[in-house]
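The block underneath contains the structure these notes are about, expressed in structure tokens.
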Amino acid sequence: MNRMNRSDRTGRTDRPNGAGRMDRPQRAARPGGDNRGGRAGRPSGAGRGEQRFDRPQREQRAARPERAHDANLVRVPPLMSGTVQKLRVKEETSHGFTLTNGTQDVLLPFPEALGQPLKAGVDVDAYLYHDSEDRMTATLREPLAKVGDVARLKVADIHPTLGCFLDIGLVRHVLLPAKELPKEPSVFPKEGDEVYVLLDRDKEGRLLARAVKEADLERYAFKAPEAWRNRWMDAWVYRSLQTGALVVVEGGVLGFGAIGFIPSHERTRPLRVGEKVNARVTFVREDGHVNLSMRQRKEVGRNEDADKLLAELRRRPDGTMPYSDESPSEAISKRFGISKSAFKRAIGKLYKDGLIEQKGSWTHLTEKGKQAAEGEPLQ
């Protein structure tokens, strides 16, 4: 089939190759530039996205006043809970004083002003927190901790599902959520216990306590001196494990305190998180941490443990008990609260004194043991 002439299909005659359209006027050339493509100001060969010489340079646009860096400009921190900020009294209202940082206002209720005679224009250092209706509120009270601080706070109340509420020195308590507590309820804190926590915020910006970790404590703790060895010290449990209890030993005049560990076999009972315990420093490690024991030194503890075993034998009508050197350590620890080594030392003393004898897995009082004065401590 012969090709149809272009004019037959379109009704237009073919234009010469490269010819421009003659029925439309050309765009007027812009002053100072050529007229390629109908656009002025672009040098020959300039493509899309290349710099336009007839427009302001980026360096010139950067000099806009809103982007200039003013050395005298003071950035105002936003109002955030758990912080102490210097705010100015804006006005007095029927509920208290309105404080401002220049861009945001917050209420300082009359009770939280602590009776100070405040007037407009006066600057105050205020601690910020959320009240019971989740409104940002200011107080002039001195808090026990700010956001980012590690502190030992007293348990004021316990909620069975939410967790523990801690006293932070304000009219509102801070929540230590249940997920931050141990999985075993038997070692939960009780009211009056003092727990070490890291003060933080939740997703809504409200104050929240989190269980402290060893890395958090390292910022505050000091290395225990060697002179602490064999000294009885007060300590607070910050984590209770099956293998033992992690504690912070009271530092007194030395400062915050030292990190310590009470192994399970050195405990006389399970320890709660937040519980205060008096324990003896048995070893000072190179890193400044300490090992502790709730038991007396061997020579003292042996007599106490021997008295305990003798009392158990005397309590039984036939003067016998199903425990001996052959008994498993778990059974001894569960029944007497002492390690198997301590049990064997106590049994050894009673045997040496002629107060007991062992037959298989049983221990029996001897005649001397039966005749010994009941309740008289062993020497």
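All of the numbers you see were taken from the coordinates with simple rules; none came from a lab. Please read these numbers as outputs of a predicted model, since none were measured by experiment. Counting neighbours? That spans all protein chains shown, and the Cβs are built from the backbone with ideal geometry, glycine included.
Here are the numbers for this structure:
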quantity	calculated
Kirkwood Rh, angstrom, the stretch 298-371 [1 / mean 1/r, Cα pairs]	12.0
Radius of gyration, Dmax [the stretch 226-379; alpha carbons; angstrom]	18.0, 56
Volume per residue that the Cα convex hull of the stretch 275-335 spans, once the total is divided by residue count, Å³	146
Fewest-first ranking of Phe110, Phe97, using other Cβ atoms within 10 Å as the exposure measure	Phe110, Phe97
For the stretch 241-271 and the stretch 127-155, distance of Cα centres in Å	28
The stretch 191-236: Cα Rg divided by the 2.2 N^0.38 Å rule of thumb	1.61
For the stretch 150-215, the spread of Cα positions along each principal axis, largest first, Å	31, 28, 21
Lysines whose Cα lies under 25 Å from that of Lys370, excluding same-chain neighbours fewer than 8 positions away	Lys308, Lys340, Lys344, Lys349, Lys352, Lys359
Partner lysines for Lys86 [C-alpha distance under 24 Å; skip if fewer than 8 residues away on the same chain]	Lys119, Lys146
The stretch 157-211 versus the stretch 330-358: alpha-carbon centroid distance in Å	42
